[in-house]
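The values are calculated or read from the model by the stated rules, or taken from the named source; none is laboratory data. Given the structure is predicted, the values throughout are model-derived calculations rather than measurements. Neighbour counts are summed over all protein chains in view; Cβ atoms, including those assigned to glycine, are modelled from backbone coordinates with ideal geometry.
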Amino acid sequence: MTSPVEGTATAWKPIVVDDTPSHSPTITPWTIVVGFGHPDLLEIQAQNAYLGDRAACAFCLTSFDNVGRNRLNRFYCDNCDAWVRGNPGQALLTLPALVVDVPDAPQIQRDQADKWPALARTFADEVSVTIQRNFGFVMNTGGATVLAVFPPGFVPRSIVEREPNQFDDATYAKLLEASGENAVTAARELTELSPKVFDGDRIPFSVGVHTDETVLFSVQGPTGDNRLADSGAIGSAAVDYPVAIDVAGRSIMIASELSKNAPLGHALVTQATDEVRHATTGDYVGQRTQVGPLQIRSISEADARPRRAKLSLAPPLQPNDDAGPARVDDVELHFGVSLDEEHVTCGIRIRSRDRLELGARAFHELLLFLARARLADAEAGVEAAEQGWRYQDDVAKDLGITPSLLNIHVFRARQQLAQLGIEDANALVERRAPTKQLRIGVSRLGVNRP
């Protein structure tokens, strides 16, 4: 295959946001690029994917053999830098973050003062190539740390098929699942790349991965000038005034803390990351962090399993029932809760049949919260039509999750019911759009504690 033409990324087409669904009034160009994928950027990234063993632009994946590095941020090419200048903004989303840290950097820097700049540059480039090969977004590195996020919008269409203007919660959940896989795969490959001790040529490092609320944003330079200079051609005036892309949020804080606590050559990943991948295990241990206790585990051989070629929603199973397809009104839900409230299981009975255990899933905690709200209102004598309604922001706050993660939990819960053949599975969680309230749509509920 021939190399891409120099300057491939110079002309992203304008992002059209006027056609977004009515339920997404705040969607922005940055939300599209980071959360769902810009059609032209995805095409450019696909063209350059075969160059995944070389240092490349964090945005378009064009090899730096074929395009100039921006002199202010060596992880971006001049072409994509021009797009950022012309489209200042931000995106607030739930996504995975990965931080690579060199705990022994001060000692190595003292002992190898002459070699340190070259060692640090080799470390950053090798780590960045591994992250970008797995569709990660490398931020500007500093010293002995590499910080990256895994934007769902960078997931190729070959893995998750979607339409250019498909900005719904179900699509984002599929993309987030794939980006979680990408982050864990990158972490696994990084553990294989790191030496266990400093060998004189390569720096040992450790890795942390966490999925949580994250904001990516452009930072204006001192001049405040964000003009798009002449479509971003290499060498244009676009590189003459400062601009930067930065990232912040809980995902970064926790991933950074984990990377500092992981042994050299190892990676720590949180249960929150495994949950978006649908790959939770029984190997977690509790760890107290800046934002409270979390469940974490070490990356293991199991994380090297082959990835699925594509992710798609499973079709509903059709029950063999003379009464026709089951509906939410035919469902009973029963929750089991541990004494410390850390473990929640859910069982379902459809049309008084034998109870089916659905196991323990992250979204069962949301359903339990809503079930308790509805049961409390019923006990208080609230009319049936008004029982259980709670404001979405209050629910998210009480559960300690972001509103976007709450929406993903709603999607997952509905999906689980749909796979059991429930015809109107969306009614499992009812919403009042004008007031942003929601409630559990099942009226027959039970909560058991040991």
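What the table below lists for this structure:
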read-out: Flag for V442 being assigned to a loop (DSSP other than H, G, I, E, B), outside the structural domain of P96 (by TED's automatic domain parsing) and surrounded by 16 or more Cβ atoms within 10 Å (Cβ to Cβ); value: yes
read-out: Residue list for the stretch 149-184, restricted to those being closer than 14 Å to V276 by Cβ, in contact with a Pro (Cβ under 8 Å, 6 or more places away or on another chain) and not in a helix (DSSP H, G or I); value: V149, F150
read-out: Within the stretch 378-400, considering residues that are in contact (Cβ under 8 Å) with a residue 12 or more places away in the chain and part of a helix (DSSP H, G or I), the one farthest from T94 (Cα to Cα); value: A384
read-out: Verdict on F64 being among the aromatic types (F, W, Y) and in contact (Cβ under 8 Å) with a residue 24 or more places away in the chain; value: no
read-out: Checklist (1) modelled with pLDDT of 85 or more; (2) under 25 Å from L339 (Cα atoms); (3) out of contact with any strand residue (DSSP E or B) (no Cβ under 6 Å at 6 or more places or on another chain) applied to T435, failing item; value: (2)
read-out: Residues of the stretch 64-101 satisfying the condition of being modelled with pLDDT of 75 or more, under 20 Å from A183 (Cβ atoms) and not hydroxyl-bearing (S, T, Y); value: A91, L92, L93, L95, P96, A97, L98, V99, V100, D101
read-out: Residue selected from the stretch 350-384 under the condition closer than 25 Å to N407 by Cα and basic (K, R), by the criterion modelled with the lowest pLDDT; value: R361
read-out: Residue in the stretch 123-136 that is modelled with pLDDT under 90, in contact with a His (Cβ under 8 Å, 6 or more places away or on another chain) and not aromatic (F, W, Y) present; value: no
read-out: Test: residue in the stretch 413-427 that is in a helix (DSSP H, G or I), basic (K, R) and crowded, with 18+ Cβ neighbours inside 10 Å; value: yes
read-out: Residue in the stretch 224-246 that is modelled with pLDDT under 85, farther than 21 Å from T94 by Cβ and assigned to a strand (DSSP E or B) present; value: yes
read-out: Count of residues meeting criterion [modelled with pLDDT of 75 or more, among the aliphatic types (A, V, I, L, M) and part of a loop (DSSP other than H, G, I, E, B)] in the stretch 33-63; value: 1
read-out: Among (1) part of a helix (DSSP H, G or I); (2) among the hydrophobic types (A, V, I, L, M, F, W, C); (3) in contact (Cβ under 8 Å) with a residue 40 or more places away in the chain, the one test that F369 misses; value: (3)
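Yes/no matrix, rows are residues, columns are (1) assigned to a helix (DSSP H, G or I); (2) small (G, A, S); (3) more than 30 Å from D169 (Cα to Cα):
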residue	(1), (2), (3)
Q109	yes, no, yes
A113	no, yes, yes
P117	yes, no, yes
R121	yes, no, yes
D125	yes, no, yes
Q132	yes, no, no
L147	no, no, no
